[in-house]
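Everything on this sheet refers to the single structure shown next.
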Ligand SMILES: Cc1cc2nc3c(=O)[nH]c(=O)nc-3n(C[C@H](O)[C@H](O)[C@H](O)COP(=O)(O)OP(=O)(O)OC[C@H]3O[C@@H](n4cnc5c(N)ncnc54)[C@H](O)[C@@H]3O)c2cc1C
């Protein structure tokens, strides 16, 4: 009997899933599956990674739900091309469905799996699911992506129709009638069989945020000391345990500022797809040879939250302890690293990549390059935030700082690692010289 495979990646949910809907409507019985990709997992610096445990828990949940619906869910630990080679040999696969992924590695991987499927006479189809507009759907007049967010957001809003936020009917189709049962399905990998330890960090629910929170989002979002200052749904958007359409729909109804933040997410995904080299290189050619200081000792102090600037230190300690930090603290910490310490943005990008539960290449690289002034879309290179003004503006009562830096105000708290005005002048001079050297 011919079957269709549905490959879950960044969409660990059965409801409102574009690719899964297409598979369930294909006319073939569907076998959903997940691959713990060794190309990704082998590169992780620690075997105790809360994201791997999160994925594992969600995959097991999907497997249970599939069994309850009367189907089989497969999971493998390996390299996708090898896993599919085996599946395409063992089963009569008519089609492989999945959802698009815009990271450079994913693009190569999907092309390889697509070519393999074609050799076996199967089709390979990836659908747009994790953003509203992707790839070339929203280009500027020049035929290239807009380099100003305001222009992109306007085009995005002009193009949006109700249909774009309509949920896909996958949950209703997820029944024995549309699912396949695979006899002798191999045992699913466990964390320990893959060499990982169980490590759970507290994560928010994947339900839509409370209406009240969303309504007041624009007033609270810059208050890092409050747990309910923002939606805290980034992890769920990253792994697709929440559908972006649902959250966008709510934001569109209740709060344009939240919708704008979600549009940033679409924007950065599109930019990474168009400019994959920006994952590891500054987009701005004139800032590719900045003589960053890259002082290891200062970098360590930044990582450990010992810079003597309390907002930065609180953020880094929260990150180290929980895997999360609020946007305002991300901005303070990133700005301080690239400007005050003159450390290459890629060092910070890497550190966040290792620690953030919601780590997403497009969002992380996009935001880091924005902070460093090197990106497709970027803050002015000469903007150097004053840590003290940020403290006064966003955490005037030190509520956030006290939460994460209990020794603040005592002799145990370090003195500022560098003086603000000196660091500001040094950063501007260094970047100005880099521009001049590049012929500006
Ligand atoms: C240096 C730096 C690195 C970052 N790295 C990441 C990352 O790896 N993954 C990630 O998801 N976000 C990243 N962000 C963006 C932002 O800080 C987080 O999305 C946000 O703090 C998550 O909390 P929340 O879900 O409560 O966001 P909310 O404020 O409630 O916003 C709702 C959603 O909108 C999106 N969003 C909000 N702000 C941004 C933004 N500036 N850019 C893109 N999307 C945004 C996120 O998907 C977020 O979940 C980074 C920001 C900075 C300054």
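Selection within the range 239-254: residues that are within 10 Å of the ligand (Cβ to nearest atom) and under 17 Å from residue 162 (Cα atoms). The member of this set that is surrounded by the most Cβ atoms within 10 Å (Cβ to Cβ) is 251. The criterion of being within 13 Å of residue 311 (Cα to Cα) and within 16 Å of the ligand (Cβ to nearest atom) holds for residue 336. Among the residues of the range 182-230, those that are assigned to a helix (DSSP H, G or I), away from the ligand (no atom under 12 Å from the Cβ) and without any contact (Cβ under 8 Å) to a residue 60 or more places away in the chain comprise 192, 211, 212, 215, 219. Flag set for residue 118, criterion: in a helix (DSSP H, G or I) and loosely packed, with under 15 Cβ neighbours inside 10 Å. Only one of the listed residues (51, 64) is closer than 27 Å to residue 88 by Cβ and assigned to a helix (DSSP H, G or I). That residue is 64. Looking at the structure I just gave you, is residue 171 over 24 Å from the mean Cα position of the chain (by Cα), at pLDDT 95 or above, surrounded by 13 or more Cβ atoms within 10 Å (Cβ to Cβ) and under 21 Å from residue 237 (Cβ atoms)? It is true that residue 171 is over 24 Å from the mean Cα position of the chain (by Cα), at pLDDT 95 or above, surrounded by 13 or more Cβ atoms within 10 Å (Cβ to Cβ) and under 21 Å from residue 237 (Cβ atoms).
Residues in the range 281-331 that are part of a loop (DSSP other than H, G, I, E, B) and either surrounded by 22 or more Cβ atoms within 10 Å (Cβ to Cβ) or within 15 Å of the ligand (Cβ to nearest atom) (or both): 9 in all. Of the helices (runs of 4 or more DSSP H) entirely within the range 360-411, those holding at least 1 residues that are more than 16 Å from the ligand (Cβ to nearest atom) occupy 387-394, 399-404. Among the numbered criteria (1) surrounded by 12 or more Cβ atoms within 10 Å (Cβ to Cβ); (2) part of a loop (DSSP other than H, G, I, E, B); (3) over 22 Å from the mean Cα position of the chain (by Cα), which one does residue 143 miss? With respect to (1) surrounded by 12 or more Cβ atoms within 10 Å (Cβ to Cβ); (2) part of a loop (DSSP other than H, G, I, E, B); (3) over 22 Å from the mean Cα position of the chain (by Cα), residue 143 is out only on (1). A count restricted to the range 17-48 and to residues that are part of a helix (DSSP H, G or I), touching a strand residue (DSSP E or B) at 6+ places or on another chain (Cβ under 7 Å) and under 30 Å from residue 166 (Cα atoms) stands at 6. Tell me whether the range 342-358 contains one or more residues that are in a helix (DSSP H, G or I), free of Cβ contacts under 8 Å to residues at least 12 places away in the same chain and surrounded by fewer than 20 Cβ atoms within 10 Å (Cβ to Cβ). Yes, there is a match, as at least one residue in the range 342-358 is in a helix (DSSP H, G or I), free of Cβ contacts under 8 Å to residues at least 12 places away in the same chain and surrounded by fewer than 20 Cβ atoms within 10 Å (Cβ to Cβ).
Is it fair to say residue 236 is surrounded by fewer than 17 Cβ atoms within 10 Å (Cβ to Cβ), within 12 Å of the ligand (Cβ to nearest atom) and part of a helix (DSSP H, G or I)? Considered against the rule, which asks whether it is surrounded by fewer than 17 Cβ atoms within 10 Å (Cβ to Cβ), within 12 Å of the ligand (Cβ to nearest atom) and part of a helix (DSSP H, G or I), residue 236 comes out as no.
Among the residues in the range 242-260, are any touching a helix residue (DSSP H, G or I) at 6+ places or on another chain (Cβ under 7 Å), part of a loop (DSSP other than H, G, I, E, B) and either in the same structural domain as residue 137 (by TED's automatic domain parsing) or within 24 Å of residue 100 (Cα to Cα) (or both)? Yes, the range 242-260 contains a residue that is touching a helix residue (DSSP H, G or I) at 6+ places or on another chain (Cβ under 7 Å), part of a loop (DSSP other than H, G, I, E, B) and either in the same structural domain as residue 137 (by TED's automatic domain parsing) or within 24 Å of residue 100 (Cα to Cα) (or both). For the range 29-57, give me each residue that is crowded, with 19+ Cβ neighbours inside 10 Å and more than 24 Å from residue 130 (Cα to Cα). 29 - this is the single residue of the range 29-57 that is crowded, with 19+ Cβ neighbours inside 10 Å and more than 24 Å from residue 130 (Cα to Cα). Within the range 1-11, the residues that satisfy the criterion of being within 17 Å of the chain's Cα centre (by Cα) and either crowded, with 22+ Cβ neighbours inside 10 Å or not in a loop (DSSP other than H, G, I, E, B) (or both) are 8, 9, 11.
The values are calculated or read from the model by the stated rules, or taken from the named source; none is laboratory data. None of the values given here were measured: they were computed from a predicted structure. Because the Cβ atoms are built from the backbone with ideal geometry, glycine has one as well, and the counts that use them run over all protein chains shown.
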